[in-house]
Amino acid sequence: ISRYVNMVIVKLNKKDVIMDKIVEMRDSGKYNFLFAIIGPEQPIADGFTDSLEDLNIPCIAPTQKYAQIETNKLFCRNLLKSIENKRHTRISPDYTHATTINEVNDFSIKHSNNVVIKKTGLCGGKGVYVSDDHFSSNDEYQNICQHLLDNSVEFILEEKLIGNEFSLMTFCDGNGHYLHMPPIRDFKRAFNNDDGPNTGGMGCLIMENNTLPYLDDNDIQISCEINEYVAKELQESLGVNKNNIGYRGVLYGSFMKTTDGKIKVIEYNCRFGDPEVIIALHLLKNDFFDLCKD
Ligand code: AMP
Ligand code: GLY
């Protein structure tokens, strides 16, 4: 990267160091920061956007409060529930915020052990345990949950959905305009014939006509609408930022088309998907820099 840019500072975990440097550069009068792009979730969760926007540097990334859509999975499910209530439609699997081992047991009985355990906080893709993938017996399920309860790690339980996954990312300008990228499949299973475990991602796929074989136009339209509802609901429930700016940046919906043909939300991210961004930017016909300015 250093070949293409003016300066590289690699101290991502030291927000104060980076912010001091940016203030120093701005005050030198030699730099005019047009905007900032914040890539990964951790610096967004750490509030880089809030700090940069305090300096009047607009960011292509949401502020800390909106980033909760990714940083807190319980917040995300509860927000989706408000949308379900307003729109009279189901977009989440059944879920519960279990705080006792009795609730843990009740939930697995309700769903015949087809359940998913999710830590609510950011875990770098390592906070999800899916039945049959990460545990195969009720004892193992209970042990994982008991361990989390013993260590006061907050988690939710979800009904395990079966179907085909896809990601749909939306550019949001914070002023009510949304541009949707095509659906892209993050290919997670390791090994030939999908025999292996779910990984953080083996690569990603899209068909030549910018769709996926298991999706029709209606599925894609529903997913775009859900992303827009989420951006709007974030703004309505948490209020706008200064200059009346709502959710600005990329909103990433992770969806499953279930075997019974429904579109359900697996999770939300507040950034580009890795590796989906490679396909999305490759297909982009506009200049990305102009898009960011707009
Ligand atoms: P997440 O970190 O929420 O994206 O979860 C990682 C992976 O776990 C997802 O990509 C899915 O493959 C799987 N997963 C998460 N939630 C569910 C669910 N409710 N049903 C089935 N699979 C799930
Ligand atoms: N592709 C999954 C993610 O970026 O979280």
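The values are calculated or read from the model by the stated rules, or taken from the named source; none is laboratory data. Since the structure is predicted, the reported quantities are computational estimates derived from the model, not experimental observations. Quick reminder, even Gly has a Cβ in these numbers, built from the backbone with ideal geometry, and neighbours come from all protein chains shown. Calculation scope for accessible area: heavy atoms of the full protein, side chains included, ligands and nucleic acids excluded. Shrake-Rupley method; radii C 1.70, N 1.55, O 1.52, S 1.80 Å.
Please give the helices (runs of 4 or more DSSP H) falling wholly within region 193-294 in which 3 or more residues are closer than 24 Å to G174 by Cα, open to solvent by less than 80 Å² (accessible area, probe 1.4 Å) and without any contact (Cβ under 8 Å) to a residue 60 or more places away in the chain.
Filter on region 193-294 gives 217-238.
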Among the residues of region 241-254, are any within 16 Å of ligand 2 (Cβ to nearest atom) and either of a type in the set (A, V, I, L, M, F, W, C) or out of contact with any strand residue (DSSP E or B) (no Cβ under 9 Å at 6 or more places or on another chain) (or both)?
yes
Filtering region 1-54 down to residues that are of a type in the set (F, W, Y) and touching a helix residue (DSSP H, G or I) at 6+ places or on another chain (Cβ under 8 Å) yields Y31, F33, F35, F48
Go through region 143-189 and report how many residues are more than 16 Å from ligand 1 (Cβ to nearest atom) and either open to solvent by less than 50 Å² (accessible area, probe 1.4 Å) or at pLDDT below 95 (or both).
10
Name the residues in region 130-142 that are under 25 Å from the mean Cα position of the chain (by Cα) and open to solvent by 50 Å² or more (accessible area, probe 1.4 Å), would you?
D132, D133, H134
Just give me the residues in region 99-126 being open to solvent by less than 30 Å² (accessible area, probe 1.4 Å), out of contact with any Ser or Thr (no Cβ under 8 Å at 6 or more places or on another chain) and either within 21 Å of D186 (Cβ to Cβ) or modelled with pLDDT under 95 (or both), in sequence order.
I117, K118
